[in-house]
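Read the structure below first, then the notes.
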Amino acid sequence: MPYLLSGRGARAVVVWQVHDVAREVQGLLSTAPEGVRLGYSAVHHDPSEVQAAYREALIALKAARAGEALGFGQLDPVAWVLLQQSPEDLKALVERFLPVPPKQLRTLERYLEHSGDLAATAEALHVHPNTLRYRLQKIEERLGASLKSPETLARLHLALRARSLAEEGER
């Protein structure tokens, strides 16, 4: 299999002719030291697209966890946008759109995980639905916005994802 191997900073860059992406990527990862992360681009057929492929692979690499191979095509659009931001920008986004203390944050995360279903959220948090309603009211007061607003939900989703990515970047 023809390939090009190069180093760039602490990264190894491998460009090769692909036949079976999943098998070849897993093979490459299995030969790497434990804990190595691998990000790879979508398949590009034109040699003039090497720069685009490199950029895609770097974005996927940012999202990959230790011991994981992650392709650019596997990223969801929210992660794709957030991973192009600096760690400082991610932190600023979280501070601006997620100004809630830890207990409220846990409640908010469960509420969003259960798509706003009060009964399921209350059960997941092991609280009475009225307790959950009270907590959600306090969160809305803190945010100055309704949790029924699509814009508010979008901001919160983005901020929670940014928080998760920022925390992973610190590890």
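Overview of values
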read-out	value
Selection count, region 125-135, where residues are within 19 Å of residue 101 (Cβ to Cβ), part of a helix (DSSP H, G or I) and touching a helix residue (DSSP H, G or I) at 6+ places or on another chain (Cβ under 9 Å)	5
Residue within region 103-114 that is surrounded by 16 or more Cβ atoms within 10 Å (Cβ to Cβ), in a helix (DSSP H, G or I) and of a type in the set (Phe, Trp, Tyr) present	yes
Odd one out for residue 65, checked against (1) under 20 Å from the mean Cα position of the chain (by Cα); (2) free of Cβ contacts under 8 Å to residues at least 40 places away in the same chain	(2)
Matching residues in region 58-107 - criterion: being touching a helix residue (DSSP H, G or I) at 6+ places or on another chain (Cβ under 7 Å), among the aliphatic types (A, V, I, L, M) and within 23 Å of residue 36 (Cα to Cα)	59, 60, 63, 69, 70, 75, 79, 82, 83
Of all residues in region 84-108 being over 15 Å from residue 158 (Cβ atoms) and not hydroxyl-bearing (Ser, Thr, Tyr), the one that is modelled with the lowest pLDDT	87
Leading residue by the ranking (farthest from the chain's Cα centre (by Cα)) among those in region 12-26 that are of a type in the set (D, E, K, R) and loosely packed, with under 12 Cβ neighbours inside 10 Å	20
Counted residues, region 95-118 - those being in contact (Cβ under 8 Å) with a residue 60 or more places away in the chain and either closer than 26 Å to residue 131 by Cα or touching a strand residue (DSSP E or B) at 6+ places or on another chain (Cβ under 8 Å) (or both)	2
Evaluation of residue 81 against (1) at pLDDT 85 or above; (2) in contact with a strand residue (DSSP E or B) (Cβ under 9 Å, 6 or more places away or on another chain) (one fails), failing number	(2)
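Here's the yes/no breakdown for (1) closer than 19 Å to residue 168 by Cβ; (2) among the small types (Gly, Ala, Ser); (3) in contact with a Lys or Arg (Cβ under 8 Å, 6 or more places away or on another chain):
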| position | (1), (2), (3) |
| --- | --- |
| 81 | yes, no, no |
| 84 | yes, no, no |
| 91 | yes, no, no |
| 98 | yes, no, yes |
| 119 | no, yes, no |
| 132 | no, no, no |
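The values are calculated or read from the model by the stated rules, or taken from the named source; none is laboratory data. Fair warning: this is a prediction, and the values are worked out from it, not measured in the lab. Positions of Cβ are generated from backbone atoms using ideal geometry, with glycine treated the same way; all protein chains shown enter the neighbour counts.
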